[in-house]
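Visitor: Before I ask anything, here is the structure I am working with.
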Amino acid sequence: MKITSLFENKGKTVFSFEVFPPKKTSPIESVYGKLEEICALKPDFISVTYGAGGTGGHSRTCEIASKIKHGFGVESVAHLTCVNSSRADIDSTLEDFRENGIENILALRGDFVPGVEPKHDFRYASELCEYIAKKGGFDIAGACYPEGHVEAKDEVEDILNLKKKVDAGASHLISQLFFDNDSYYRFIERMRIAEIDVPVEAGIMPVTNKAQIERMVSLCGASLPSKFTKVMQRYENRPEALRDAGIAYAVEQIVDLIANGVDGIHLYTMNNPYVARRITEAVSNLL
């Protein structure tokens, strides 16, 4: 099933998850128990990353995406990064995806890895989108950044780059995480002014520990509203309370987004079935 078709029902909010492969030092089967629990929640689809910094490798991404689709009965989207891939690498990966019945790809540039010289066949995600689109047969999603990509000089450049990505073949978008819904609404307004009209899923990450949020903010540059930081400060030394407060904050974000007509919610589960279940139970009647 092509993910684009999910957005054709205007009365429904698409609800999806993100998961990631285990570290290379761990057997791939080590995540299957958690994945089974997460898949049992029946999201519209689940995306599978390359792992932190693109270290998961396409073979693990492909295997997990295939397991989700064929083993657990949930449609999957495989992340594909290009900064460290040649055209031959991408061709090989696309062939593996085809052989495993994977029809949906989230096309990304990927992170630069310290000490690793990037390949130069693809400089930007827009170039990867165009390449996949010319190959045919895949539904292509792209990433977007409500507060602007950390490397963009300003919001105008960020939106122009996003338009290139959509024009190159991205049929829908998944946003980077954010904690201030107003930032997301302003971003959507900029998109529509630029005549970017594809569906956008809002990326929501429930914060379950302080180290997690500090790391994610350092990577993606998401701002932290005072309401959010007060929650972190109050409960930072009470792990279970912080987890539950983080879930509550995410639910509040999602309720507001759905009320304002968001196309979809993409939940960054961090492979945590408990968090995914709590949030799904809280919002399922609203979707």
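The values are calculated or read from the model by the stated rules, or taken from the named source; none is laboratory data. Quick caveat, the model's predicted, so the values are computed rather than measured. All Cβ positions, even for glycine, are placed from backbone atoms using ideal geometry, and neighbour counts span all protein chains on display.
Visitor: May I ask you to verify whether residue 226 is polar (S, T, N, Q), under 15 Å from residue 183 (Cα atoms) and at pLDDT below 95?
Guide: yes
Visitor: Which of the following residues is in a loop (DSSP other than H, G, I, E, B) and buried (at least 17 other Cβ atoms within 10 Å of the Cβ): 41, 80?
Guide: On the way: 80 fails: in a loop (DSSP other than H, G, I, E, B).
Sole residue among the options that is in a loop (DSSP other than H, G, I, E, B) and buried (at least 17 other Cβ atoms within 10 Å of the Cβ): 41.
Visitor: When you check residue 198 against the structure, is it over 13 Å from the mean Cα position of the chain (by Cα) and modelled with pLDDT under 95, yes or no?
Guide: no
Visitor: If you don't mind, there's one more thing I want to ask. Run residue 223 past the list (1) without any contact (Cβ under 8 Å) to a residue 60 or more places away in the chain; (2) within 26 Å of residue 109 (Cβ to Cβ); (3) within 19 Å of the chain's Cα centre (by Cα) and report the number of the one that doesn't hold.
Guide: So residue 223 meets the others, but not (1).
Visitor: Mind checking which residues of the range 9-34 are under 17 Å from residue 274 (Cα atoms) and assigned to a loop (DSSP other than H, G, I, E, B)?
Guide: 20 - this is the single residue of the range 9-34 that is under 17 Å from residue 274 (Cα atoms) and assigned to a loop (DSSP other than H, G, I, E, B).
Visitor: Of the residues 100, 9, which single one is surrounded by fewer than 19 Cβ atoms within 10 Å (Cβ to Cβ), closer than 24 Å to residue 171 by Cα and touching a residue at least 24 places away in the same chain (Cβ under 8 Å)? Quick ask: steps written out before the conclusion?
Guide: Values: 9 fails: touching a residue at least 24 places away in the same chain (Cβ under 8 Å).
Going through 100, 9 in turn, the sole match is 100.
Residues are listed down the side, and each one gets a yes or a no for (1) free of Cβ contacts under 8 Å to residues at least 40 places away in the same chain; (2) over 19 Å from the mean Cα position of the chain (by Cα); (3) closer than 23 Å to residue 221 by Cβ:
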| residue | (1), (2), (3) |
| --- | --- |
| 64 | no, no, no |
| 72 | yes, yes, no |
| 110 | no, no, yes |
| 128 | no, no, yes |
| 138 | no, no, no |
| 143 | yes, no, yes |
| 147 | no, no, yes |
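Visitor: Now for a different question. State all residues of the range 123-180 that are charged (D, E, K, R), surrounded by 19 or more Cβ atoms within 10 Å (Cβ to Cβ) and farther than 22 Å from residue 89 by Cβ; if no residue qualifies, say none.
Guide: Passing the criteria: 147, 158.
Visitor: Related question: Kindly indicate whether any position in the range 44-61 is at pLDDT 95 or above, over 17 Å from the mean Cα position of the chain (by Cα) and buried (at least 19 other Cβ atoms within 10 Å of the Cβ).
Guide: no
Visitor: Take residue 275 and tell me if it is surrounded by 15 or more Cβ atoms within 10 Å (Cβ to Cβ), farther than 28 Å from residue 8 by Cα and either basic (Lys, Arg) or under 19 Å from the mean Cα position of the chain (by Cα) (or both).
Guide: yes
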